[in-house]
Structure formats: C-alpha cells, structure tokens
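A.B. asks: Once you've had a glance at the structure underneath, I'll fire off some questions.
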Amino acid sequence: MPRFDPVRVRGGRYRSGRLGRHRRRALAVGLAVTATALVAAGPRDSDGARGHPRARPPAHTASASGEQSARPRGSAGAVTAPIRIADAATVRLLRPGDRVDVIAAGETVSGGDARVVARGARVSKVPEPLEGATDGGALVVLSVPRGTAARLAGASATARLAVTLC
C-alpha cells in the first residue's frame with residue numbers, strides 16, 4: 001500500500017478561537033430572537049371575554065387645571081344599557097364578558113331590512129327571566145359607549161333586536 005501524507009483541513013486549527021470571539025455576538029442574537037418570540041407569543045388581555053379584545057384607555061387624564069382625574073380602566077364613556085333581545089333562547093347562550101354585535105331587524109314584509117346597531121358590545125349581566133313572563137324575548141345588560149347606548153334605545157323602540165356572538 002502506498003504511503004499518503006496526512007489530510008489537513010484548512011482553518012480547522014483556529015475554528016475554536018473564532019467561535020470564542022463571536023460568542024458574545026451569538027449570545028446577543030439569541031437573546032434578541034428569544035425576546036421577539038416571547039413578545040409575539042406573550043399573554044393577551046385576560047379579562048375573561050371571548051371575542052374581540054377591548055382597547056385600553058389611558059389610566060388617568062389631565063384636566064385643564066392640571067389635576068389628574070383617576071378613571072377606572074375600561075370605563076371611558078362606557079354606560080350600561082339594558083336591551084330586550086327578541087329570541088330568549090339566544091340570550092341563554094350569553095355569559096358576562098362575552099362580546100356581541102347587536103342587529104336591529106325592521107318589521108317589513110320583505111324581511112331584508114337589518115342593520116348592525118352595536119359592534120363588539122360587552123355583556124355585563126344576563127338577568128334571570130321573570131316567572132310568568134310572556135314570550136317577549138329576554139333582557140341583556142350591555143356595556144357600550146354613550147352614543148351606542150342611544151342608538152340601541154332608539155332601535156329597540158322601532159325594531160326587533162338580535163345578537164351575534166363575536
């Protein structure tokens with residue numbers, strides 16, 4: 001068998017030194033990637049609601065005199081609006097914290113006259129139905145902005161209301 005010279009790989013001798021020099025950079029890149037992944041997969045708004053997350057208003061606002069007025073989170077102009085939903089069975093599916101869209105269906109012969117009155121309204125309370133009540137629907141208490149509450153009141157006077165779970 002003929003004699004061969006040993007096989008040498010170029011740069012093999014200095015590979016561990018190069019790794020040592022770039023260790024800090026590799027660690028910084030690894031930390032950046034990990035932080036990005038944690039932010040992307042981090043916890044969401046956990047108010048127990050299903051559906052759309054609610055936007056958080058500032059915790060407090062400054063008045064013209066410079067005073068700070070503390071306002072609880074989630075109450076920026078929100079009011080509670082009791083509405084009667086035409087289908088009582090649909091209301092039994094709702095729980096406090098759910099998000100719903102409220103739809104007003106007009107009393108027309110064609111049946112195609114429907115419009116969305118409130119989007120993403122939070123269910124505050126689902127009262128128990130009264131005993132002996134006729135089949136006039138069921139009551140739901142929603143937390144909505146003041147302007148939406150006025151539209152809901154107007155729509156409930158002229159149309160039948162329905163909800164869809166968001």
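A.B. asks: Any residue at all in the stretch 85-103 that is at pLDDT 75 or above and farther than 22 Å from L165 by Cβ?
C.D. replies: Checked the stretch 85-103: no residue is at pLDDT 75 or above and farther than 22 Å from L165 by Cβ.
A.B. asks: Now a separate question. Restricting attention to the stretch 130-166, and to residues there that are at pLDDT below 90 and among the β-branched types (V, I, T), which single residue is nearest to the chain's Cα centre (by Cα)?
C.D. replies: T158
A.B. asks: At pLDDT 90 or above and not in a loop (DSSP other than H, G, I, E, B): does that describe R122?
C.D. replies: Criteria met by R122.
A.B. asks: Does V79 satisfy the criteria of being surrounded by 11 or more Cβ atoms within 10 Å (Cβ to Cβ), over 31 Å from the mean Cα position of the chain (by Cα), modelled with pLDDT of 80 or more and not charged (D, E, K, R)?
C.D. replies: No; evaluated as a whole, the condition is false for this residue.
A.B. asks: Between P127, P72, which is assigned to a loop (DSSP other than H, G, I, E, B), loosely packed, with under 14 Cβ neighbours inside 10 Å and modelled with pLDDT of 60 or more?
C.D. replies: One residue alone meets the criteria, P127.
The values are calculated or read from the model by the stated rules, or taken from the named source; none is laboratory data. Bear in mind the structure is a predicted one, so any value in this text is a computation, not a measurement. Backbone-built Cβ (ideal geometry, glycine too); neighbour counts: all protein chains shown.
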